[in-house]
Amino acid sequence: KAGVTQTPRYLIKTRGQQVTLSCSPISGHRSVSWYQQTPGQGLQFLFEYFSETQRNKGNFPGRFSGRQFSNSRSEMNVSTLELGDSALYLCASSWTGGNTEAFFGQGTRLTVV
Amino acid sequence: ELKVEQNPLFLSMQEGKNYTIYCNYSTTSDRLYWYRQDPGKSLESLFVLLSNGAVKQEGRLMASLDTKARLSTLHITAAVHDLSATYFCAVGLNFGNEKLTFGTGTRLTIIP
């Protein structure tokens, strides 16, 4: 059974650019969540999508957005990149059943220069 | 707002010793998770604890949950070098809300 797949694994972008990250969940999972991990702030929740709808949102500026497609794949977009956006971005998929367990992808390491 | 505190932040221990990592959280919760992260890698799920008094064990690791005290522990028995990693606890509020609030992590180093 394939795990959670994130692409690309590494990205280098310049300040002011925008970036799109992709996440393919485990087959059958309908919920995809995104997290940002930095040394200073730790792991912080960005947002969660379920059945193509954003269900929960963390405390990030509007430059951070996402969407989910009908096959449950999700994309996250960051516009007008800032140096502080450099981080490991992790997505997690879960079934959202009774004993929901979140499985994480390998992450995308974004460096903004 | 849910807050999750882990301690210690850093733990250096000798092989063969036992130790415990603590995870306190501020709000009643349905579920608590423990994850392991190796440097530069993603999060590996270790345990899911869903009820008061839940105890799960895998190898040298054992996790427990006390929802009344809002406390979970991760106990390491007879540590070996392979257990060196950062361990996170994460708390979810209710089913259907997938947001997890993570603790700060405990960086565990096992010294031969």
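The values are calculated or read from the model by the stated rules, or taken from the named source; none is laboratory data. Everything numeric here is computed off the predicted structure, so don't read it as measured data. Virtual Cβ from ideal backbone geometry, glycine too; neighbours counted across all protein chains shown. Each accessible area value is taken on the protein alone, full model and side chains, heavy atoms only, with ligands, DNA and RNA left out. Shrake-Rupley method; radii C 1.70, N 1.55, O 1.52, S 1.80 Å.
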Discussion item. List the residues, sorted by chain then number, that are 5 or more residues from B:Leu46 or on another chain and whose placed amide H is less than 5 Å from its amide H.
Written reply: B:Trp34, B:Tyr35, B:Arg36
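If you rank A:Trp34, A:Trp95 by how much accessible surface each has, with a 1.4 Å probe, what is the order from largest down? Show your work: numbers first, answer last.
Details: A:Trp34 0, A:Trp95 145 Å².
In descending accessible area the options line up as A:Trp95, A:Trp34.
May I ask you to derive the FRET efficiency for B:Tyr22 and A:Trp95 from their Cβ-Cβ distance with R0 = 41 Å, giving the value to the nearest 0.05?
Here the calculated transfer efficiency is 0.90.
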Practice prompt. Starting from the Cα of B:Lys68, draw a straight line to each of the aspartates and glutamates and keep only those under 19 Å, dropping any in the same chain fewer than 8 residues away.
Written response: B:Glu1, B:Glu5, B:Asp30
Worksheet item: Using 14 Å as the cut-off for backbone N distance, which residues of segment A:69-103 belong to the label zone defined by a point 7 Å from the Cα of A:Arg63 along Cα→Cβ?
Response: A:77-87
Fill in: trypsin sites (Lys or Arg not before Pro) within segment A:1-107: DSSP coil, no more than 12 neighbouring Cβ in 10 Å
A:Lys1, A:Arg9, A:Arg15
Response to the item:
Loop-resident trypsin sites (Lys or Arg not before Pro) in segment B:48-112 with no more than 16 other Cβ atoms inside 10 Å, DSSP not H/G/I/E/B, are B:Arg60, B:Lys68
Practice prompt. Mind computing the radius of gyration and Dmax over the alpha-carbon atoms of the protein assembly as shown? Å is fine for both.
Written response: 17.5, 51
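Need one number for chain B: average projected area of the convex hull over its C-alpha atoms, nm².
On the way: hull surface 26.4 nm².
So the mean shadow area of the Cα hull is 6.6 nm².
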Practice prompt. Give the Cα extents of chain A along the principal axes, in whole Å, largest first.
Written response: 41, 26, 26
Discussion item. Through the Karplus equation 6.51 cos²θ - 1.76 cosθ + 1.60, θ set to phi - 60°, convert the phi angles of segment B:76-91 into ³J(HN,Hα) values in whole Hz; use x for Gly and Pro.
Written reply: 10, 10, 6, 3, 10, 4, 4, 7, 4, 4, 9, 10, 10, 9, 9, 10
Worksheet item: Tell me, what is the 1.4 Å probe accessible area of A:Thr5, in Å² to the nearest 10?
Response: 70
Worksheet, complete the sentence: Note: probe point = Cα of A:Gln17 + 7 Å toward Cβ; backbone nitrogen < 12 Å; residues of segment A:84-113 passing the test are A:110-113
Item to complete: Return the subset of A:Lys13/A:Lys57; B:Lys17/B:Lys41; B:Lys17/B:Lys56 for which the Cα-Cα distance in this structure is over 22 Å, preserving the input order.
Response: A:Lys13/A:Lys57; B:Lys17/B:Lys41
Response to the item:
Dividing the surface of the Cα convex hull of segment B:48-112 by four yields a projected area in nm² of 5.0
Fill in: Amide N of segment A:74-113 lying under 12 Å from the label point, which is placed 7 angstrom from the Cα of B:Glu58 along Cα→Cβ
A:102-104
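Between beta-carbons, use under 12 Å as the cut-off and find the net charge around B:Tyr35, counting Lys and Arg +1, Asp and Glu -1. Let's see the in-between values first.
Working: positive: B:Arg36, B:Lys41; negative: A:Glu101, B:Asp38, B:Glu44.
Value of the local net charge: -1.
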